[in-house]
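Scroll down for the structure; my scribbles are underneath it.
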Amino acid sequence: MTSHEDRSMIVITGATGNIGRSLVGRLLAEGAAVRALTRDPARAALPAGAETVGADLTGTDDLTPLLAGADALFLNLAAGGERAAAAVLDAAAGAGVRRVVLNSSMAVSDTPDDDAHFISRMHAGLERAVRASGLEWTCVRGGNYATNALAWAPSIRGTGVVREAHPGAQGAPVHEADLADVAAVALLDRSGAHLGKAYAVTGPEQMTLARQIAEIGWATGKDIRVEQISEDEAAEAMSGGFLTKEDALELVRMFGQTVDAPLFPVSDTVERLTGRPGRTFARWARDHAADFS
Ligand SMILES: NC(=O)c1ccc[n+]([C@@H]2O[C@H](COP(=O)([O-])OP(=O)(O)OC[C@H]3O[C@@H](n4cnc5c(N)ncnc54)[C@H](OP(=O)(O)O)[C@@H]3O)[C@@H](O)[C@H]2O)c1
């Protein structure tokens, strides 16, 4: 562990989230100083070693104090949305932060197609802002998150039935701890090897949604049945909050296309950057068995 005096502060947005919580733990284990942002420090239950700071990033006029004295920033769109993320980035540049690691998406292709879909559009927009910020940057472009499976938790706990429009949809679900480990490497690196890089990050193996559900069954000892529903029913169930029914339907149709062939190939980023293979979905299901029980 480095001494307190020469440690550099890393600010984490979305610190209580799937990636954020794992990243806080990883950075503390590496001896870094961490400022963890959350709307509610009293409920955050973050490690005592982190400086936990309360802030609603959508409702705070001056974000600069949150970045004061920081060397690096982990920026997650999930922490307040696009405008909040852009404001945090501006504040970071103003506060003299040196480096930003952006939690982006594999949906970004660096082609005009990025404008065609709301997911690629919002992540590509933020990537452009990051590149233009003048800060050192790395983008972590995650594919399908394993945590998307948490959407099944209420029905697995309640009825033991998962309703999906495309149980045969394929993807390579990535464990949040692997996304956090990749982000940590980029945040802590002193060689410059990861600057100006956009890394595609997937899990280690392609599998169908039906197989993911089976893995959760094996991890929990539960007998889970899969019921196929229409795209419209799936979009209806998925919509709400920030996701309109129209956007949800677009997503469901996109998943449908992966029944024939996965959208993204498996990437070797986790192994290349961390030196060990990515965590399997079976491992993820074991790590999250309590969420489904
Ligand atoms: N799902 C996928 O397959 C996928 C694929 C590629 C990329 N992504 C990207 O990954 C993101 C999700 O990352 P994640 O799973 O780590 O997120 P998450 O678990 O949803 O965490 C988001 C955190 O943000 C904080 N937050 C929410 N609103 C806030 C606000 N107004 N001000 C400050 N903090 C706020 C919340 O913490 P508090 O409640 O403590 O404030 C929450 O814990 C997506 O938004 C997307 O950009 C997702």
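Before moving on, here are some points about what is shown:
- Scan of the stretch 239-264 for residues that are touching a residue at least 24 places away in the same chain (Cβ under 8 Å) and in a loop (DSSP other than H, G, I, E, B), ordered by number: F242, T258, V259, A261, P262, L263, F264
- Taking the conditions (1) farther than 19 Å from T138 by Cβ; (2) within 16 Å of the chain's Cα centre (by Cα) in turn, V100 satisfies each one other than (1).
- F292 falls short on exactly one of the conditions (1) assigned by TED's automatic domain parsing to the domain that holds L209; (2) open to solvent by 70 Å² or more (accessible area, probe 1.4 Å), and that condition is (2).
- Wholly within the stretch 161-238, strands (runs of 3 or more DSSP E) carrying at least 3 residues that are farther than 27 Å from L102 by Cβ: 161-164, 225-228
- Those helices (runs of 4 or more DSSP H) of the stretch 1-88 in which at least 3 residues are more than 9 Å from the ligand (Cβ to nearest atom), considering only elements entirely within it, cover 18-29, 64-67.
- Test for R98: is it within 30 Å of L263 (Cβ to Cβ) and basic (K, R): no
- Of residues in the stretch 47-81 being closer than 12 Å to G14 by Cβ and of a type in the set (A, V, I, L, M, F, W, C), the one farthest from the chain's Cα centre (by Cα): A55
- Residues that are assigned to a helix (DSSP H, G or I), open to solvent by less than 50 Å² (accessible area, probe 1.4 Å), near the ligand (Cβ under 10 Å from one of its atoms) and of a type in the set (A, V, I, L, M), drawn from the stretch 98-125: I119
- Taking the stretch 135-154 as the range and being within 14 Å of the ligand (Cβ to nearest atom) and either at pLDDT below 95 or part of a helix (DSSP H, G or I) (or both) as the test, the residues that pass are A146, T147, N148, A149, L150, A151, W152, A153.
- Flag if R128 is under 24 Å from V266 (Cα atoms) and either part of a loop (DSSP other than H, G, I, E, B) or modelled with pLDDT of 95 or more (or both): no
The values are calculated or read from the model by the stated rules, or taken from the named source; none is laboratory data. Please read all numbers here as calculations on a predicted model, not as lab measurements. Glycine gets a Cβ as well: all are built from the backbone with ideal geometry, and neighbour counts include every protein chain shown. Areas reflect the complete protein model, heavy atoms only, side chains present, ligands, DNA and RNA absent. Shrake-Rupley method; radii C 1.70, N 1.55, O 1.52, S 1.80 Å.
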